[in-house]
Amino acid sequence: MAGPLQGIRVLDLTTVVMGPYACQLMGDYGADVIKVESPDGDVMRLSGPMKNPGMGHLFMSTNRSKRSIVIDLKTKEGRKLLLRLAEGADILLYNIRPQAMARLGLGYEDLRAVNPRLVYVGAFGFSQRGPYGARPAYDDLIQGMCGIPWLSLKAGSSEPRYAPVILADRIVGLLVAFAAMAALRHRDLSGEGQRVDVPMFESLLTIVLGEHLAGAMFEPPVGGVGYQRSLAQNRRPHRTRDGYICTLVYTDKHWRSFFAAIGQPDIFENDKRFSSQSDRLAHIDEVYGYLAGVLATRTTAEWIDILTEADIPVAPMNSLEDVLSDEHLLAINYFRTIEHPSEGPIRDIALPTEWSVSSPEVSRHAPALGEHTIEVLREVGLDTEVIAELLEKKVIRAAKARASGKEPHG
C-alpha cells in the first residue's frame, strides 16, 4: 500500500456514513482498514441504485480501500475474535452507542486490557456527559438540532429545509478521522493509547456557530445570533437573461471594479450603502438586491466575460451533470472509469489532496460482505480447521473469493 498511513491497522466497526467515511479516508491514505460487519452487513449496502445486491452506491462511496470481515459480535466466539484482531490494531472506530459496546463486552477497558496502545474512537450522537448521551442520532436530527433548517427559514426559504447533502455525517466524519490521527500521534510520542469520543451534535455546532454565534459571542451580547451576510435573502445565485450566475462582489476593490464595468463608477463614492465593508453588511439585502437587478440584464456568458476582465470572482451555477463534464475536473483526471470485480465499470472520484512525497491512493475496491474474512483470520493465526468450525457455527461469514484485494481497479 502507498500513502502516509502505511503500516497502520484500523478496525472499522461502523455503519451508515459518518464512521465508514472517516475510515475510508484513513484507508485512502494508506492504512489497512478492516471493516468488521455483522452477518447482515452495513445497512448502506441496501441503499440503491445498485447493480448487484449488497453493493449500493452509498456503500461503495464510503467503503473503498477496506477489507470486509463478517463476525457475529453477539456470540462469545465472535467477541474473542474481535479482541484477537484488536491485539494488533492501532485504531478501533465504532459508531453504536457506548452502552451497546459495553453490553457486547467491547468497552474501552475491555479493549485496553488486550492492547493498551490502542486508540479507541467512538463516533456517535452526543457527549456522554450530558442528558442526551443515550439518544440515537441521524444526520437529519443533528442538522435540525444545530439550527440548519431554522437558518434556511431566516435566509428566506418558505419552509425549513435540511441541507440536501448528508452534511452532518460527512463533516463530522472528517473530524473523526482528524481526531483519530491526532490521538495516534500522541500514542507514537507517549506510547499510550486512549479513548476518544467525537459526538455529532457538538461537532457540527462548531461549524454552525463559527459564523452564526455572531453578537452572542460577547458578554454582554452586542447583537443577536446569525451572521448577516450568510442570512441575506438575496445571497444566492442570481438570474441572468438566460440562466444563473454565481459571483461574489465583496471587497472595496471588487465594488469599484464592478461599478466601473457597468459604467456607473460614481455609485461607489456617492451611495453610502456600497462605500465600505461595514456599510454593505448593514444594508446587505439591499446590496444583493441591487446586484441581482443588474445581473438580470445580460446573459451568463456576457457576465462571466465582464466580471473575469474586472477580476471579480465569478462562476456558472453548475448542475450535477455539469460537474461531471467540467473542463477543469476532466483536465486533472478527477473522474476515472475503473473496473470493479463484481460491479463492472464504475466512476471513481479522485483523492483531492496532492502530495510531493508519500502520495495516497485508493488501495482496494469496495468489498463484498465478508470478502476478506478468511484472509484476515489467517493473518492473525487461525488455522483452516478453526475457521471452518467458526463458519459452521455462523460466528463468521465469508464471501466467495474474487480478484485480489491488493489490485483494486483491475
Residues whose built amide H sits under 5 Å from the amide H of Val198, excluding neighbours closer than 5 in sequence, are Gly122, Ala123, Phe124
Given that just one value was derived from the coordinates, which of (i) 0.97; (ii) 1.06; (iii) 1.19 is Cα Rg over 2.2 N^0.38 Å?
-> (iii)
With a Förster distance of 51 angstrom and the Cβ-Cβ distance between Tyr227 and Arg117, calculated FRET efficiency to the nearest 0.05 equals 0.75
Amide H to amide H under 5 Å from Arg241: which residues, 5+ apart in sequence or cross-chain, H placed 1.01 Å off N in plane?
-> Arg298, Thr299, Thr300
Taking 0.36 nm per residue of separation and subtracting the Cα-Cα distance, what length does fully extending Glu87 through Ser359 add?
-> 95.1 nm
Could you work out the longest stretch of the chain that avoids the GluC sites (Glu not before Pro) located in DSSP loops with at most 13 other Cβ atoms within 10 Å?
-> 1-191
Can you tell which of Pro341, Gln264, Val287 lies farthest toward the positive end of the dipole of the chain, using +1 and -1 charges on the Cβ of basic and acidic side chains (Lys, Arg; Asp, Glu)?
-> Pro341
In nm, to one decimal, how far is the modelled label at Ile306 from the one at His328, with both set 7 Å along Cα→Cβ?
-> 2.3
HN-Hα couplings for the stretch 372-387 via Karplus (6.51, -1.76, 1.60; θ = phi - 60°), in whole Hz with x for Gly/Pro, come out as 10, 4, 5, 4, 5, 5, 5, 4, 9, x, 7, 8, 4, 5, 5, 4
Classified through the alpha carbon gyration tensor (a ≥ b ≥ c as square roots of its eigenvalues; rounded if a/c is under 1.5, else prolate when a/b is larger than b/c, else oblate), the stretch 238-316 comes out prolate
Sum of -39500 (n - 2.57) over DSSP H runs of 4+, divided by residues of the chain (222 nm, nearest 500) = -11500 deg cm²/dmol
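So if I place +1 on the C-beta of Lys and Arg and -1 on the C-beta of Asp and Glu, and nothing else carries charge, what would the dipole magnitude of the chain be about its Cα centre? I want it in debye, nearest 20.
1100
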Given just the C-alpha atoms of the stretch 74-163, how large is their convex hull per residue in cubic angstrom?
-> 124
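Each value in this text was obtained by applying a stated rule to the coordinates, not by laboratory testing. Please read all numbers here as calculations on a predicted model, not as lab measurements. Virtual Cβ from ideal backbone geometry, glycine too; neighbours counted across all protein chains shown.
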